[in-house]
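Notes to accompany the following structure.
The values are calculated or read from the model by the stated rules, or taken from the named source; none is laboratory data. Small disclaimer: the values here were computed from a predicted structure and weren't measured. In this analysis, Cβ positions are derived from the backbone assuming ideal geometry, glycine residues included, and neighbour counts consider all displayed protein chains. For accessibility, only protein heavy atoms count, side chains too; no ligands or nucleic acids. Shrake-Rupley method; radii C 1.70, N 1.55, O 1.52, S 1.80 Å.
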Amino acid sequence: MHIRVYGVQADEMSTYEEAKVRYGFTFEFEAVPLSEKTAGDVKDCDALILLTNCIVNEPVAKVLASAGVKYLACRSAGSDHVDYSAVVRYGMKCCHVPAYAPEAISEHTIMLALEVLRHAKSSYQKVASGDFTLKGLKGRQLGMMTAGVLGTGRIGRVTMSLLNGFGTRVLGWDPFPNAEAARLCTYVEKETLLQTSDIIFLHCPLTEDSYHTICSDTVSKMKEGAVLINTARGGLVDLPAVLDALESGKLSGFGFDVYEHETDTIRKQVPLDDIHDPVFRALLQRDDTVYSAHVAFYTDTAILNMIEVTLDNLKEYEATGCCKNEINPQSF
């Protein structure tokens, strides 16, 4: 199987070199993400390994299928950048990595929460300017708060376990509750969670039903001075609604690792003056907001697991034409 791999970092190349022997694959590497503009560059490839900044819509799927591509392997758990119905319509198959290192994302989630609660951004800025006073730095303790976790799957459960370690009271909501999460939280209705939580963590998948889960309506139901943390998917949050809530004081802090329109900036060097989204730019400049550029997943363990599971997925496709981590076409 010949595979085109998108977005490989220099320190990952040795893993792919080893994979040539282990799996019998051959590879070509492309730094520029897959899009309508670049899909025509794909030639003589059986499969593609995609990052989340690679877009597969109807036109791209049509071009890839005509070029002979059979398999699309998302090197991530999230896969909303792929139009699965189009993939199936053009005779291709698509898989993902449902779990690689949930601990990596959960650890980063807690870090963002602590940075917001302890005014880390302001603290670093004060020290950098030679100001060693305490003004504006009185924080809040995570262990004294009620935390609401929207989404109680693998990552949500690890986050709840970490919150339990702080002594935090944890509430959970999920359309599909599970017994493992029930041992880590108290399940409540979504509205109760919004009204009761001092800090809310988003660990939901992005679907038609969850798009803009956080919007003007849901923000209005939150506690005064609540904090919001999103390390899941950018489309879960209506950023203008959050900015309005921060400006009014309804929210006291916001930490986010993902952004709905992040393809304009992610993995690029973009001066702040060249960011055309005024809401995103305003959030970046606020002291009560902390942004990290989609790096919650980015640890040595997570990357190795992502690559290995992705390659195992493709080997399974090569051997059987099926894959246990294939995205279910019946869910389209």
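Taking springs between alpha-carbon atoms closer than 10 angstrom, which of CYS45, CYS204, CYS94 fluctuates most in the Gaussian network model of the chain?
With Cα springs under 10 Å in the chain, the top fluctuation among CYS45, CYS204, CYS94 is at CYS45.
When ligands, DNA and RNA are left out and all protein chains stay put, how many square angstrom of accessible area per residue does the chain have with a 1.4 Å probe?
Solvent-accessible surface per residue comes out at 48 Å².
For the chain, what is the charge dipole size about the Cα centre, in debye to the nearest 20, if Lys and Arg each add +1 at the Cβ and Asp and Glu each add -1 at the Cβ?
Approximately 640 debye in magnitude.
Return the calculated 222 nm mean residue ellipticity for the chain, to the nearest 500 deg cm²/dmol, obtained by summing -39500 (n - 2.57) across DSSP H runs with n ≥ 4 and dividing by the residue count.
Values: 12 runs with 119 residues, N = 332.
Rounded to the nearest 500, it is -10500 deg cm²/dmol.
Could you give me D for the chain, from Stokes-Einstein at 25 °C and 0.890 mPa s, where the hydrodynamic radius is the Kirkwood radius over C-alpha pairs? Units µm² s⁻¹, please.
Stokes-Einstein gives a translational diffusion coefficient of 116 µm²/s.
If I compute solvent accessible area with a 1.4 Å probe over the protein chains, what percent of it on the range 236-332 is carbon and sulfur?
Here carbon and sulfur together make up 50 percent of the probe-accessible area.
For the range 171-237, just the Cα atoms, rotate onto the principal axes and tell me the three extents in Å, largest first.
Largest first, the range 171-237 extends 31, 27, 18 Å along its Cα principal axes.
With the contact rule set at Cα under 8 Å and sequence spacing of 6 or more, what percent relative contact order holds for the chain? If you can, show how the numbers build up before the last one.
Details: 598 pairs, mean separation 53.5, N = 332.
That works out to 16 percent.
In µm²/s, what is D for the range 35-162 at 10 °C and 1.306 mPa s, where D = kT/(6 pi eta Rh) by Stokes-Einstein and Rh is the Kirkwood radius from Cα pairs?
Answer, rounded: 87 µm²/s.
Here are some pairs, LYS62/LYS324; LYS20/LYS70; LYS93/LYS190; which of them have Cα atoms lying more than 31 Å apart in this structure?
LYS93/LYS190, as the Cα separations exceed 31 Å there.
Viscosity 1.306 mPa s, temperature 10 °C: give me the Stokes-Einstein translational D for the range 97-180 in µm²/s, with Rh taken as the Kirkwood radius over C-alpha pairs.
Taking Rh from Cα pairs, D becomes 110 µm²/s.
Roll a 1.4 angstrom probe over the protein heavy atoms and tell me the percent of accessible area of the range 1-104 that is carbon or sulfur. Provide the component values of the computation, followed by the final result.
Details: 2360 of 4490 Å².
The computed percentage sits at 53.
Using a Gaussian network model of the chain with C-alpha springs under 10 Å, which one of THR320, THR263, THR213 is most mobile by mean-square fluctuation?
Residue with maximal mean-square fluctuation among THR320, THR263, THR213: THR320.
Kirkwood Rh, the range 123-259, all Cα pairs: how many Å?
Values: mean 1/r = 0.0641 Å⁻¹.
Mean inverse Cα-Cα distance, inverted, gives 15.6 Å.
For the range 60-111 and the range 126-148, what is the separation of their C-alpha centers, rounded to whole Å?
The range 60-111 and the range 126-148 have Cα centres spaced 39 Å from each other.
If you build a Gaussian network model of the chain, linking Cα atoms that sit under 10 Å apart, which residue out of PRO205, PRO271, PRO175 swings the most?
Highest fluctuation among the options: PRO271.
Quote the convex hull volume per residue of the range 222-323, based on C-alpha atoms, as a whole number of Å³.
141 Å³
Taking all protein chains together and a probe of 1.4 Å, list MET144, MET111 from the most accessible to the least accessible.
The ranking, largest first, comes out as MET144, MET111.
From the residues LEU272, ALA282, LEU251, which one has its Cα farthest along the dipole of the range 197-332 in the positive direction, the dipole being from +1 and -1 charges on Cβ of Lys/Arg and Asp/Glu about the Cα centre?
Among LEU272, ALA282, LEU251, the one farthest towards the positive end of the dipole of the range 197-332 is LEU251.
Classify the range 1-67 as rounded, prolate or oblate, taking a ≥ b ≥ c as the square roots of the eigenvalues of its Cα gyration tensor: rounded when a/c is under 1.5, otherwise prolate if a/b is larger than b/c and oblate if not.
oblate
Please give the Cα centre distance for the range 1-34 versus the range 212-280, rounded to the nearest Å.
What the calculation gives is 34 Å, centre to centre.
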